[in-house]
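The values are calculated or read from the model by the stated rules, or taken from the named source; none is laboratory data. Predicted, not measured: the structure shown is a model, and the values here were computed from it. Neighbour counts are summed over all protein chains in view; Cβ atoms, including those assigned to glycine, are modelled from backbone coordinates with ideal geometry. Accessible surface is based on the protein model in full, side chains and every heavy atom, while ligands, DNA and RNA are left aside. Shrake-Rupley method; radii C 1.70, N 1.55, O 1.52, S 1.80 Å.
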Amino acid sequence: MNGKMRLRNKVAVITGAGSVGPGWGNGKATAVVFAREGASIFAVDLVPEAVAETQGIISSEGGTCRTYHCDVTNSTEVAAMIEACVAQFGCIDILVNNVGGSVPGNAVDLNLEDWQHQLDFNLTSSFIACKYVIPHMESQGKGAIVNISSIAGHRHIGNDHVGYNAAKAGLAHYSRAVAVKYAPHGIRCNVISPGLMHTPLVEVRLAEQYGKGDAEALIEKRNKQVPMGHMGEGWDVAYAALYLASDEAKYVTGTDLVVDGGLIASAH
Ligand SMILES: NC(=O)c1ccc[n+]([C@@H]2O[C@H](COP(=O)([O-])OP(=O)(O)OC[C@H]3O[C@@H](n4cnc5c(N)ncnc54)[C@H](O)[C@@H]3O)[C@@H](O)[C@H]2O)c1
């Protein structure tokens, strides 16, 4: 192990550490980047094959990764998952709550079931994981939580998905409340708000949801929306998470790091 590794000797729980399709999702890229920087990864996902692929990549590079299958919206399963990580590695230094995603719908046509699902998927999932991880971090006297939100929690970005908007905005403010409460205990809690990212999600789900099945047209449209002229990628989120999770960010808590190629800074 290289002494200069930024996460040397740290244990990181990363939820949604697989990808919904070929390529690099935010969680998968984060798991690989963290492992390259010396962290032991506890990679959590609903889909065993997805997270097994992430584990395979990390192992092939000489890193350490254990996998765990659970639904992060299920409190009982998450409590067991956290205990399994502590049993495996003895502590939890970093928690990245990455699971989430959008369902289309405006204030009238989104049905109540989908609204509730959006809150569970994007907000309650992080609440549950924090609920069980924070006591461990408190007893350790240190810990870093990174919650993956979205610029959709900041402003309307061209799609009607009010459940997602509300849940991601809620996640950001929930994170500030956690940051303040646990700052005296050495626990930092920060948010990343990715913009339009070209993760496998674009081809696998968004093309159908927002692009009438035409992935190429959706990709072109998303690229054009961004001042930099192109979408970001999972690695951009991963390196932002690396900074926030590392001791280099020891004085950073309660912040929301926007990773969007200038999109929300622009007027349209
Ligand atoms: N892709 C984008 O353009 C974009 C933009 C802004 C924010 N985000 C946010 O980034 C995060 C990750 O996005 P992504 O595109 O990398 O994800 P993704 O859709 O590729 O999913 C990552 C993994 O999460 C797993 N997963 C799904 N539901 C789960 C559950 N209930 N329990 C456990 N695991 C589950 C999937 O199996 C998958 O392997 C989400 O919170 C998303 O809202 C994405």
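Structural remarks
- Toward the positive end of the charge dipole of the range 11-258, with +1 on the Cβ of Lys and Arg and -1 on the Cβ of Asp and Glu, the farthest Cα among Val33, Gly56, Leu201 is that of Val33.
- Of the trypsin sites (Lys or Arg not before Pro) found in the range 193-268, those in coil by DSSP whose Cβ has at most 15 other Cβ atoms within 10 Å are Lys212, Lys250.
- Sorting His161, His173, His69 on solvent-accessible area from highest to lowest, probe radius 1.4 Å, gives His173, His69, His161.
- Cα Rg, Dmax, the range 28-151, angstrom units: 15.6, 51
- The loop-placed GluC sites (Glu not before Pro) in the range 2-72, going by DSSP, that have at most 16 neighbouring Cβ atoms within 10 Å of their Cβ come out as Glu61.
- Think of the chain as having a plus end and a minus end, set by charges on the Cβ of Lys, Arg, Asp and Glu; of Gly229, Asn122, Ala240, Ala240 sits farthest toward the positive end of this dipole.
- Contact order relative to length of the chain, as percent, for alpha carbon pairs under 8 angstrom and 6 or more apart: 20
- Size of charge dipole - the chain - debye, nearest 20, with Cβ of Lys, Arg +1 and Asp, Glu -1, no other charges: 940
- For the range 81-136, the square roots of the Cα gyration tensor eigenvalues, ordered a ≥ b ≥ c, give a/c of at least 1.5 with a/b greater than b/c, which places it in the prolate category.
- Choice from Ala245, Ala12, Ala87 with maximal GNM fluctuation in the chain (Cα, 10 Å cutoff): Ala87
- Viscosity 0.692 mPa s, 37 °C: Kirkwood-radius Stokes-Einstein D of the chain over Cα pairs, µm²/s: 178
- Relative contact order computed over the range 13-167 (Cα-Cα under 8 Å; 6+ residues apart), in percent: 22
- Accessible surface of the range 115-268, 1.4 Å probe, proportion on carbon and sulfur as whole %: 58
- Solvent exposure ordering (accessible area, 1.4 Å, most first) of Asp214, Asp45, Asp120: Asp214, Asp120, Asp45
- Placing Lys10, Lys142 in order of accessible area, with the largest value first and a 1.4 Å probe, yields Lys142, Lys10.
- Rolling a 1.4 Å probe across the protein heavy atoms gives the chain an accessible surface of 44 Å² per residue.
- Given charges at beta-carbon only (K, R positive; D, E negative), |dipole| of the range 7-139 in Debye: 540
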